[in-house]
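Q: Just passing along the structure, written as structure tokens.
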Amino acid sequence: MRCPHCRHETRERARFCGACGASLESSVTCPRCAAINPRGQRFCDACGESLSSAGGASERDARAYTPRYLVERILTTRSALEGERKQVSVLFADVVDSMRLAERLGAEEWHRVLDRVFEILCAGIHRFEGTINQFTGDGVMALFGAPVAHEDHAQRACHAALSAMNELHAYAGALRARGLELSVRMGINSGEVVVGKIGDDLRMDYTAQGHCVGLAARMEQLAAPGTVLLTESTAQLVEGFFALADVGPRSMKGVSAEIRTFELRGIGPRRTRLDGSALRGLSRLIGRETELTWLDGILARSIASNGQVVGVIGEAGVGKSRLCLEFIQRCRARGVPVHEVHCPSHGATVPWLAIRELMRGYFGLAPDTSADSIRRTVEQQLLALDAGFASSVPLVLEILGIGDSGQRPERATPQAATFMRRFFRLQSMSRPGVLFLDDAHWIDRASDELVQVIAASVRGTQTLLLANFRPEYRPAWIGGSHYHQLALSPLGEEASRELLRDLLGSDGSLDELSARILERTGGSPFFTEEVVTALAASGSLLGERGAYRLATPIETLALPATVQALLTARIDRLGERAKDLLQVAAVIGKQFDEPVLREVSGLGDGQDFDAALGVLQDEEFFRLVTLSPKPEYTFKHPLVCEVAYLSQLGERRAQVHAAVATALEKLRSDRLGEYASLIAHHWEASGMRFEAARWKRRAALRVANIKVGVRGVGRRRAPPPENG
Ligand SMILES: Nc1ncnc2c1ncn2[C@@H]1O[C@H](COP(=O)(O)OP(=O)(O)OP(=O)(O)O)[C@@H](O)[C@H]1O
Ligand SMILES: [Mg+2]
């Protein structure tokens, strides 16, 4: 087929022209519902929208460039997303010197070039689940972490920038052959925004906190053509995951202090969050001896020619990866080989990613091995294992991403499953080994299906398949007599204290602070580390890790941005009603009873309330404390309550506080004196000062009466009546 733009003869299955990079796909995306329509059709055959402007650049609509599942997710939950604080990374991208290019090319040709640039930018952004918030004429503004929260928003923004930049360099190369110089520059900054109204076209109103969005735009303006510039706040979040070059401080209009800036150069050595902790120096492993001994026992069973599968399950940051890391280090020290696969947080949308890493490990391929060398190694090793594998070489090369078809099906194919079963059995039949799958909650679907095949093939080998994951992931391969689950609990009080002592030191000035951190972090080692790191970074602590002292008294413990992003992402995975109920509960307090929650939620006696409450218990947000006289619940983790509270806007919180006060007045009418100070607190938080003052007086009167009552007992007087 010939390219319609440059007439170059292209390969039969080419999707883009090999000479000018133009899209060869004869389709047009509907600007309203994002359905793909054949080119030439005047109206969308899915929703009836006019397609006359869809192929052009004049009326760009973000929906047309956004994958359908993302459009649906945003539009179906938008009322739960609007009006929330979110930690985000903002990316600006822009064509350099676009006026000059436009003038040279003429309107029509320029339009086509720009279309291709947008296509590349949008593909990169969507691959990492960012949303385009605005087309800026010859560029875009994209958000990662809003409207739907992502705990790794900064990494996603950097991956998107790198992936788009690579494609753009290739496209610019093709244009250069025609004497045209195209280059794009990008800027990224991370911070907080308040999500406003989300329009039908996915455009989101937002209020940037501080200079969050302005700084990203400024980074883009300062970036050299063809480069990506980051602020320090983004650089800190992605340290080690990417190769960064410190390009010095810059002054900015409207910002008093100079801002350190970094150029994004490529992918870094760090693969997981734990690698990052290792860069800072891993804290000493506290506790977990029982768990390690248990794992040793299962390994012994596996090696006695009876392969086993272990799932280590626990909440984010509880220490699953760390426990497994300690275990596999022990295995290696004893001479048991370990194959590791780490699922990166953006990996769920990249087909075959995890299984590719596993295969690379099996074939001993270093990251910089050339495609030719990979082909040779794979062929040699497969044939050495079994001559019958000759026909499987193309499949394995495909899995490794260097096959001829360039196709990457979303699901595992039957051929891949058959190959994996045989390959794994031959690999592991006669020697002991551990196959370790880290952070499996982020595995892509095709890899997951192949892990299922492996899990079923483990029996009768000498392999231990060890995986760790968060509770929200429910693998299809759990179960069977060779499967064991280890539910990892938060650290106990003594172990938490020990960890904190290791991190902070034992200076007397830290006693009160330590107690507050312990109460807040609820035994989570990750949260504990993050709180201490944030305190040190803010200058509240002086000295160094393990030997700090307090610099200034701390009024309120700030919430680390990393923890906030992680927990908001977890909350955003809830359905609209459950999320709403969680937010209402967070306003009531860390502990609450069912009648008050029901009253304030406005869901009444209906099933909706029961269903939402059920979800919040199943997903381990709430824990039932007591059933009688009325069911009482508590937030399972104190920080979830804090995040769910803080992410709501003040206006909404005020309304809910007022509703809580009203509900307490109604439901505690027989014990109002006892609840007076709590009711006063909610009226105060709702901004109703008059009501608050009234209830405070009542509370004070009750305290006075109790004192009189206590004294009065000695004088044998009757206790004062309840002053409700
Ligand atoms: N028992 C422990 N003693 C000391 N530090 C620990 C312990 N467990 C975990 N940590 C530290 O806490 C941090 C978080 O641990 P880890 O990454 O293992 O959590 P995780 O459960 O795997 O979280 P995620 O679900 O996000 O993958 C790491 O820096 C780790 O070194
Ligand atoms: Mg982990």
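Q: What list of ³J(HN,Hα) values in whole Hz, one per residue of region 359-367 in order, does the Karplus curve 6.51 cos²θ - 1.76 cosθ + 1.60 (θ = phi - 60°) give from phi, with Gly and Pro shown as x?
A: Along region 359-367, the couplings run 5, 4, x, 4, 8, x, 8, 7, x Hz.
Q: Per the helix-only calculation at 222 nm, which mean residue ellipticity applies to the chain, given -39500 (n - 2.57) for every DSSP H run of n ≥ 4 and division by its residues, nearest 500 deg cm²/dmol? Don't skip to the answer; put the middle values down first.
A: On the way: 27 runs with 334 residues, N = 724.
After summing the helix terms and dividing by the residues of the chain, the value is -14500 deg cm²/dmol.
Q: When the Karplus curve 6.51 cos²θ - 1.76 cosθ + 1.60 is applied with θ = phi - 60°, which whole-Hz ³J(HN,Hα) does each residue of region 168-174 get, with x for Gly and Pro?
A: 5, 4, 5, 5, 4, x, 5
Q: Sticking with this structure for a sec: Could the peptides 267-279, 347-359 be put in order, highest first, of the mean number of other beta-carbon atoms found within 10 Å of their residues?
A: Per-residue Cβ counts within 10 Å, averaged per peptide and sorted highest first, yield 347-359, 267-279.
Q: Moving on. Would you mind checking region 455-481 for residues with the amide N under 15 Å from a putative spin-label position 7 Å along Cα→C-beta of SER305?
A: 459-463
Q: Given contacts defined as C-alpha pairs under 8 Å and at least six residues apart, what's the relative contact order of region 493-552, whole-number percent?
A: On the way: 60 pairs, mean separation 26.1, N = 60.
Dividing the mean separation by the residue count of region 493-552 yields 44 percent.
Q: A follow-up question, please. Taking 7 Å along the Cα-to-C-beta vector as the label spot, tell me the ARG474-LYS197 distance in nanometres, rounded to one decimal.
A: So the two model labels end up 3.9 nm from each other.
Q: Once the Cα atoms of helix 650-667 and of the chain are each reduced to a long axis, what angle between those two axes, in degrees from 0 to 90 to the nearest 10, is obtained?
A: It is inclined by approximately 40 degrees.
Q: If I model a spin label at THR626 and SER481 as a point 7 Å from the Cα along the Cα→Cβ vector, what separation in nanometres do I get?
A: 4.6 nm
Q: Sequence-distant or interchain residues sharing an amide H contact under 5 Å with GLY268, placed H: which?
A: PHE242, ALA243
Q: Arranged by the count of other C-beta atoms within 10 angstrom, fewest first, what order do TYR69, TYR675 take?
A: Working: TYR69 11, TYR675 21.
Ordered by Cβ neighbours within 10 Å, fewest first: TYR69, TYR675.
Q: With r defined as the distance between the Cβ atoms of ALA700 and ASP45 and R0 fixed at 51 Å, what FRET efficiency is calculated, to the nearest 0.05?
A: On the way: r = 71 Å, r/R0 = 1.39.
So the FRET efficiency works out to roughly 0.10.
Q: Give the shape of region 125-241 as rounded, prolate or oblate, defined through the alpha-carbon gyration tensor: a ≥ b ≥ c are the square roots of its eigenvalues, a/c under 1.5 means rounded, and otherwise the shape is prolate if a/b is larger than b/c and oblate if not.
A: Working: a/c = 1.87, a/b = 1.51, b/c = 1.24.
Prolate, because a/c is 1.5 or more and a/b exceeds b/c.
Q: If you rank TYR645, TYR548 by fewest surrounding Cβ atoms within 10 Å, what's the result?
A: On the way: TYR645 18, TYR548 22.
The order, fewest Cβ neighbours first, is TYR645, TYR548.
Q: When only C-alpha pairs under 8 Å and at least 6 residues apart count, what is the relative contact order of the chain, in percent? All intermediate terms of the calculation are to be shown ahead of the outcome.
A: On the way: 1212 pairs, mean separation 69.8, N = 724.
Answer for the chain is 10 percent.
Q: Can you tell me the orientation of helix 576-588 relative to the chain, as the angle in degrees between its alpha-carbon axis and the longest Cα principal axis, to the nearest 10?
A: 30 degrees
Q: In region 110-256, what percentage of the DSSP-assigned beta bridges are antiparallel, given to the nearest 5? The partial results should precede the final answer.
A: Details: 9 of 13 bridges.
Beta bridges within region 110-256, antiparallel portion: roughly 70 percent.
Q: A further question follows. Run the numbers for ASP372 and ARG689: contour at 0.36 nm per residue of separation, minus the present Cα-Cα distance, in nm. Kindly include the intermediate steps, with their values, before the conclusion.
A: Numbers: separation 317, 0.36 × 317 = 114.12 nm, distance 7.47 nm.
Contour length minus Cα-Cα distance gives 106.6 nm.
Q: Only counting other Cβ atoms within 10 Å, I'd like GLU410, GLU167 sorted with the fewest neighbours first. Could the numbers behind the result be given before it?
A: Details: GLU410 10, GLU167 19.
Fewest-to-most Cβ neighbours within 10 Å comes out as GLU410, GLU167.
Q: Which angle between 0 and 90 degrees, to the nearest 10, do you get for helix 607-618 versus the longest principal axis of the chain when only C-alpha atoms count?
A: 80 degrees
Q: For the chain, what proportion of DSSP beta bridges, expressed in % and rounded to the nearest 5, is antiparallel? Present the calculation step by step, with values, prior to reporting the outcome.
A: Details: 55 of 80 bridges.
Percentage antiparallel, nearest 5: 70.
Q: Pairs of lysines 8 or more apart, or on different chains, with alpha carbons under 17 Å: count those in the chain, would you?
A: Numbers: LYS86/LYS197; LYS86/LYS579; LYS579/LYS590; LYS579/LYS636; LYS590/LYS630; LYS590/LYS636; LYS630/LYS666; LYS696/LYS707.
The result is 8.
Q: OK, next. Starting from the 7 Å offset along Cα-to-Cβ, what nm value, one decimal, do you get for the label separation of LYS666 and VAL247?
A: 5.9 nm
Q: Considering only DSSP states other than H, G, I, E and B, which trypsin sites (Lys or Arg not before Pro) in region 375-418 qualify as loop sites with at most 15 other Cβ atoms within 10 Å?
A: Numbers: sites: ARG375, ARG376, ARG411; in loops: ARG411.
Within region 375-418, the qualifying trypsin sites (Lys or Arg not before Pro) (loop, at most 15 other Cβ atoms within 10 Å) are ARG411.
Laboratory data are not the source of any read-out in this text; all were calculated from the coordinates shown. These numbers come from a predicted model, not from an experiment. Don't worry about glycine lacking a Cβ; one is built from the backbone with ideal geometry, like all the others, and counts go over all protein chains shown.
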